Amino acid sequence: MSRAAAPHAPSWSAWRLLAGLLLASGLALALGVAVGSTGFALDWSGTDPMQAQILWQIRLPRSAGAWLAGALLGLAGAITQGLFRNPLADPYLLGSAAGARLGVALSLAVLGGTPMGMQWLERLGLTGAAFLGTLAGVSLALTMAKGVEHTLRLLLAGVVVGVVLGAVTDLITLAQPDILRTMQAFVLGTTSFLGWPSIVLMGGVLLLSLAVALGASEALDALTLGEATAESLGVRLGLVRALLIIAFALATGTAVAQTGMIAFVGLVAPHLVRNLCHGSHRQLLLLSACAGGLLLLAADILSRWLMAPQELPVGVITAILGGGYLLRLMHKRKYGGRA
Amino acid sequence: MKPRFVSSLVAASLLALMLGPVHAQAQAQSSAKVEIKDDLGHTTQWSRPPQRIVTLLPSLTETVCALGACERLVGVDRYSNFPEAVNKLPKLGGLDDTQVETIVSLRPDVVLLAPSSRVTDRLRSLGLTVVTLEAKSYADVQRVLDKIGALLQVRDAQAVWRRIEALVGAAAQSIPPQARGALVYYEVDRSPYAAGPVSFMGETMARLGVKNIITPEMGPFPKISPEYVVRAAPQLIMIGKRNADGLFQRPGWDRIPAIREQRVCVFDAQQSDVLARPGPRMGEAAQIMAQCLREQSSSSKKAR
């Protein structure tokens with residue numbers, strides 16, 4: 001749906017919304033640095049070395065990392081929804097989530113199974129295994145679909161690859177039941193252990209995939225009119241799809257590797273944006289990334305604040321927060337549908 | 001022909017019904033009638049101990065075997081792997097995928113399972129006798145031993161309990177004075193979840209004389225914020241091998257004395273099994289923890 005649609009709905013101007021989201025993100029970041037295991041306590045003086053370390057090595061990278069991971073997921077969600085012209089598409093499509101789970105399960109099974117472990121696998125760690133698993137899952141789906149020519153075939157291949165890889169993962173956990181708890185921790189997702197290296201990595205990938213996605217945004221706009229029309233408008237569909245899927249796989253793989261499979265951010269962020277403002281894909285992609293970031297950062301802050309010093313699983317809060325807000329928006333106005 | 005066949009069947013089953021109680025009475029004379037009230041308040045009556053037993057929880061399997069009834073087990077859940085003998089038995093799935101059909105075909109006299117199991121009602125409706133038991137603390141383990149001991153009509157079920165107490169006591173004795181009172185963080189999984197002092201693991205830690213960084217009001221297995229651990233500054237970390245990946249690289253954790261001085265006990269899969277089961281091997285669990293405390297205190301002495 002383009003900006004011509006739903007003229008009656010009051011909508012924000014895209015740039016004002018972007019400014020608002022960035023401002024809110026900045027405020028949330030400041031709040032994120034203030035909220036910790038002792039509840040709300042801001043101490044910038046930095047005289048206590050432990051306090052300084054907690055601020056600079058734990059809270060700040062964690063808050064910034066939550067924003068970046070959310071932005072990656074929001075961007076990946078906007079890319080898939082635009083590419084497949086399907087409002088239910090999310091970053092865990094195309095075998096990415098199942099691939100990541102399989103990667104983690106395999107590395108856990110092999111690491112625990114052999115006493116020496118495999119040296120390279122040990123160095124790879126769960127993070128690397130999840131990232132490679134994501135890329136492998138998406139590549140497998142692409143191979144099954146024989147390339148990117150047919151959207152529907154690609155979507156279907158992704159679903160099938162997801163189911164098959166999921167079954168293999170289940171078989172591994174059945175054979176090695178003691179990896180179950182660790183697997184569960186990964187599937188629920190956590191922002192607890194994001195450090196500066198993760199920030200640099202996620203920031204770099206976000207810039208890269210955002211650049212690719214924005215470059216292809218006009219093709220996505222054309223795609224809303226249908227594949228035939230888009231092609232007649234001069235869009236090189238094959239190339240655009242391939243580029244977007246690479247950007248999508250990189251963004252999802254990085255986010256999943258760093259934080260596990262946090263639910264719902266990628267699905268709901270583009271919807272939130274579309275409900276607040278009707279813009280082109282260029283704006284939608286940018287705004288979805290910001291909305292995803294803000295959503296996950298807000299959820300992260302709540303998750304460590306509500307029951308401090310205990311934490312709630314962050315995925316639970318993204319679902320409640322994002323889902324609740326989306327429901328309210330849908331209730332308030334007639335929901336237009338998809339972009 | 002057919003009706004006569006049916007009526008003879010009916011007669012035969014009637015005869016069986018009449019004989020059944022007589023047979024049971026004969027048994028009842030030799031042994032007292034027992035009433036077992038399980039953890040969901042369901043009462044079952046036993047005139048003789050069950051001969052065919054299915055257990056659907058590793059700690060229950062271990063309890064039945066510790067009470068000397070291992071050979072009466074006819075099936076166990078997927079996660080039961082101790083003692084070695086139970087690995088030859090049919091594995092009947094886990095909490096969410098229990099194989100009801102196989103259980104029925106094994107014709108057990110009793111199925112022992114956890115209250116959280118979803119198949120309790122299904123098994124009862126199929127005419128099986130189900131006893132739900134769960135242990136979350138030392139007191140629970142003792143109670144479950146009592147119940148299963150009564151069910152199996154074992155003379156001295158508390159002997160198993162006394163063995164646990166003796167092993168835990170010996171483990172506590174073996175801890176060198178400089179390791180006593182150490183501040184310990186036990187990570188259950190990498191989310192991170194910790195073992196609190198009210199969990200059975202925490203009880204073992206308390207009995208060994210070490211301090212838990214978790215406070216009792218946080219519950220048995222709280223999900224905690226990593227900066228809580230940094231603030232608490234534990235001198236020793238206990239963790240399973242599965243979760244230890246990247247432990248030393250966690251942001252900000254290089255401040256924690258345990259990480260700085262590399263005082264971390266990493267338990268392998270077998271040890272983790274022992275540590276994670278509230279059952280007859282809690283004594284062995286205490287010894288594993290004690291060994292960790294001894295090794296870490298001697299290595300830190302060398303470092304000094």
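Counted over segment B:176-303 with a bin width of 5 Å, the fraction of Cα pairs per bin, in whole percents, is 2, 11, 23, 27, 22, 12, 3, 0. Among the listed pairs B:Lys37/B:Lys241; A:Lys146/B:Lys241; B:Lys37/B:Lys91; A:Lys332/B:Lys223; A:Lys146/B:Lys91, those with a Cα-Cα distance over 32 Å are B:Lys37/B:Lys241; A:Lys146/B:Lys241; A:Lys332/B:Lys223; A:Lys146/B:Lys91. Take the alpha carbon atoms of segment A:51-94, find their center, do the same for segment B:40-113, and report the distance between the two centers in whole angstrom. Rounded to whole Å, the Cα centres lie 46 Å apart.
For segment A:194-339, the C-alpha radius of gyration sits at 1.16 times the compact-globule guess of 2.2 N^0.38 Å, with N the residue count. Reducing segment A:215-229 and segment B:244-304 to their Cα centroids gives an inter-centroid distance of 57 Å. Placing +1 on each Lys and Arg Cβ and -1 on each Asp and Glu Cβ, with no other charges, gives segment A:58-332 a dipole about its Cα centre of roughly 300 debye. Working note: Debye formula, equal point scatterers on the alpha-carbon atoms of segment B:32-155, no solvent; log10 I(q)/I(0) at q = 0.16 Å⁻¹ is -0.69. Here the Gaussian network model covers chain B, with springs between Cα atoms less than 10 Å apart; of B:Gly279, B:Gly196, B:Gly219, B:Gly219 fluctuates the most. Diffusion coefficient of the protein assembly as shown by Stokes-Einstein, Kirkwood radius over Cα pairs, 37 °C, 0.692 mPa s: 118 µm²/s.
Among beta bridges from DSSP that stay inside the protein assembly as shown, the antiparallel ones total about 35%. Which of these, A:Gly137, A:Gly147, A:Gly322, has the largest mean-square fluctuation under a Gaussian network model of chain A (Cα springs below 10 Å)? Of A:Gly137, A:Gly147, A:Gly322, the Gaussian network model singles out A:Gly147 as fluctuating most. Among B:Lys91, B:Lys211, B:Lys241, the largest mean-square fluctuation in a Gaussian network model of chain B, built with springs joining Cα atoms closer than 10 Å, belongs to B:Lys241. Among B:Val111, A:Val161, A:Val200, B:Val119, sorting on how many other beta-carbon atoms sit within 10 Å of each Cβ, with the fewest leading, yields A:Val200, B:Val119, A:Val161, B:Val111.
Could you estimate the translational diffusion coefficient of segment A:262-339 from the Stokes-Einstein equation, with Rh from the Kirkwood formula over C-alpha pairs, at 37 °C and 0.692 mPa s, in whole µm²/s? In µm²/s, the coefficient rounds to 252. The antiparallel fraction among DSSP beta bridges confined to segment B:32-155 stands at about 30%.
Taking the Kirkwood radius as Rh and the Cα radius of gyration as Rg, chain B has a ratio of Rg/Rh equal to 1.10. About the centre of its Cα atoms, segment B:32-155 shows a dipole size close to 340 debye [charges on the beta carbon of Lys, Arg (+1) and Asp, Glu (-1) only; nearest 20 debye].
According to the square roots a ≥ b ≥ c of the eigenvalues of the Cα gyration tensor, what is the shape class of segment B:99-207, taking rounded for a/c under 1.5, prolate for a/b larger than b/c otherwise, and oblate for the remainder? Walk me through the numbers before you get to the answer.
On the way: a/c = 3.79, a/b = 1.76, b/c = 2.15.
Oblate, since a/c reaches 1.5 and b/c is not below a/b.
If you take every DSSP beta bridge fully contained in segment B:175-304, what fraction is antiparallel? Give it as a percent rounded to 5. Before the final figure, lay out each step's value.
Numbers: 3 of 13 bridges.
Percent antiparallel among DSSP bridges in segment B:175-304 is about 25.
Cβ-to-Cβ counts within 10 Å put B:Tyr138, A:Tyr325, B:Tyr228 in ascending order as A:Tyr325, B:Tyr138, B:Tyr228, the fewest first.
What helices in chain A pass both tests, a Cα length along the helix axis of 15 Å or more and a mean Kyte hydropathy of 1.6 or higher, using whole DSSP H runs? Long hydrophobic helices here: A:14-34, A:151-175, A:196-215, A:237-259.
Which helices, taking whole DSSP H runs in chain B, have alpha carbons extending 20 angstrom or more along the helix axis plus mean Kyte-Doolittle at least -0.5?
Working: long enough: B:2-30 (42 Å, 0.63); B:138-152 (21 Å, 0.49); B:158-173 (22 Å, 0.31); B:282-303 (32 Å, -0.53).
In chain B, the long hydrophobic H runs are B:2-30, B:138-152, B:158-173.
Using a simple spin-label model with pseudo-atoms 7 Å out from Cα toward Cβ, A:Ala30 and B:Asn87 lie 6.1 nm apart. Semi-axis lengths, largest first, of the ellipsoid equivalent to chain A are 32, 28, 16 Å, with √(5λ) applied to each eigenvalue of the Cα gyration tensor.
Per-residue ellipticity at 222 nm for the protein assembly as shown, helices alone: DSSP H runs ≥ 4 residues times -39500 (n - 2.57), over residue total, nearest 500 deg cm²/dmol?
Values: 25 runs with 369 residues, N = 643.
The helix-only estimate for the protein assembly as shown comes to -18500 deg cm²/dmol at 222 nm.
Positive-end ranking of B:Tyr186, B:Ile36, B:Pro216 along the dipole of chain B, with charges on Cβ about the Cα centre, is headed by B:Tyr186. Using Cβ point charges alone (K and R +1, D and E -1), the dipole size of the protein assembly as shown about the Cα centre works out to roughly 400 debye.
Values quoted throughout were computed directly from the atomic coordinates according to the rules given, and no laboratory measurement underlies them. Note that the structure is a prediction, hence the values are computed from the model and not measured. A quick note on method: Cβ atoms are made from the backbone with ideal geometry, for glycine too, and the neighbour counts reach across all protein chains shown.
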